[in-house]
Amino acid sequence: MRPYTATELCQLDGRSCFGCCGRKWGTKEEVLSQIQKNTDELVQIKERTQFRLRSEPDDLPHGSCRNLVYDGTTAKTCCPLHPARNEGKDLRVGHCDIYYLCPTAKKFNVWERDKQERFIAFLRKHDDKVYEYSMKMDQNWYLKQFKKEEQGEKLVISSSL
């Protein structure tokens with residue numbers, strides 16, 4: 001068992017949802033610019049504990065956690081403090097709420113596997129980029145649209161973020 005709360009939605013197809021890594025989000029441009037700034041700082045600082053200590057947990061420029069960085073390209077994000085990046089050691093402890101799951105993920109985790117697979121297929125059909133995927137997950141947009149689809153209602157193909 002993991003010492004933190006997890007769901008496959010967080011890393012579905014390598015999208016790396018960051019919806020739970022902030023609050024009161026700024027504009028798309030502000031958030032993506034902040035992630036780039038964080039990435040540049042990680043390159044300079046290198047040592048991950050020192051990187052974490054450079055800011056307080058509530059220091060969220062444009063709503064974004066200061067530890068959220070790009071993972072090689074701007075198509076993926078990651079948390080360099082996550083245990084998957086540190087041989088199992090969770091550097092987020094004491095800095096992040098490692099037990100938080102968005103409402104969509106909480107519901108997903110208790111569904112039967114066949115419903116989870118339908119939801120995953122629904123998400124793949126939308127094929128959103130990392131920012132849109134994260135914001136729609138954080139705002140429960142996917143969950144609401146999936147419920148409509150399950151009930152046979154007309155779907156909204158996209159929403160402006």
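Laboratory data are not the source of any read-out in this text; all were calculated from the coordinates shown. Keep in mind that what you see is a predicted model, and the values were worked out from it rather than measured. Quick reminder, even Gly has a Cβ in these numbers, built from the backbone with ideal geometry, and neighbours come from all protein chains shown.
When 1/r is averaged over all different Cα pairs and the result inverted, which Kirkwood radius in Å belongs to the range 11-67? Kirkwood hydrodynamic radius for the range 11-67: 12.0 Å. The calculated Kirkwood hydrodynamic radius for the range 90-155 is 13.2 Å, given to one decimal from all distinct C-alpha pairs. Absence of a disulfide-compatible partner, taken as no other cysteine beta carbon within less than 4.7 angstrom, is noted in the chain for Cys10, Cys17, Cys20, Cys78, Cys79, Cys96, Cys102. Calculated FRET efficiency, Asp127 to Asp59, Cβ-Cβ distance, R0 = 45 Å: about 0.85 to the nearest 0.05. For the chain, what's the relative contact order in percent, using C-alpha pairs closer than 8 Å and at least 6 residues apart? This gives 26 percent for the chain. Taking amide H as placed 1.01 Å from N in the peptide plane, the amide H of Asp71 sits under 5 Å from that of Lys76, Thr77, Cys78, each at least 5 places away or on another chain. For the range 7-24, 3J(HN,Hα) computed residue by residue from phi via the Karplus equation (6.51, -1.76, 1.60; θ = phi - 60°) reads 8, 5, 5, 4, 10, 4, 6, x, 6, 6, 4, 10, x, 8, 9, x, 6, 6 Hz, glycine and proline entered as x. Think of the range 10-150 as having a plus end and a minus end, set by charges on the Cβ of Lys, Arg, Asp and Glu; of Tyr70, Val110, Val130, Val110 sits farthest toward the positive end of this dipole. Given Lys37/Lys76; Lys106/Lys136; Lys106/Lys147; Lys24/Lys144; Lys24/Lys46, which pairs have Cα atoms separated by over 24 Å? In this structure, Lys24/Lys46 exceed 24 Å between Cα atoms. Here is the list for the range 63-161: GluC sites (Glu not before Pro) lying in DSSP coil, each with at most 15 other C-beta atoms within 10 angstrom of its C-beta, are Glu87, Glu112, Glu153. Kirkwood radius for the chain, taken over all pairs of different Cα atoms as the inverse mean of 1/r, rounds to 16.5 Å.
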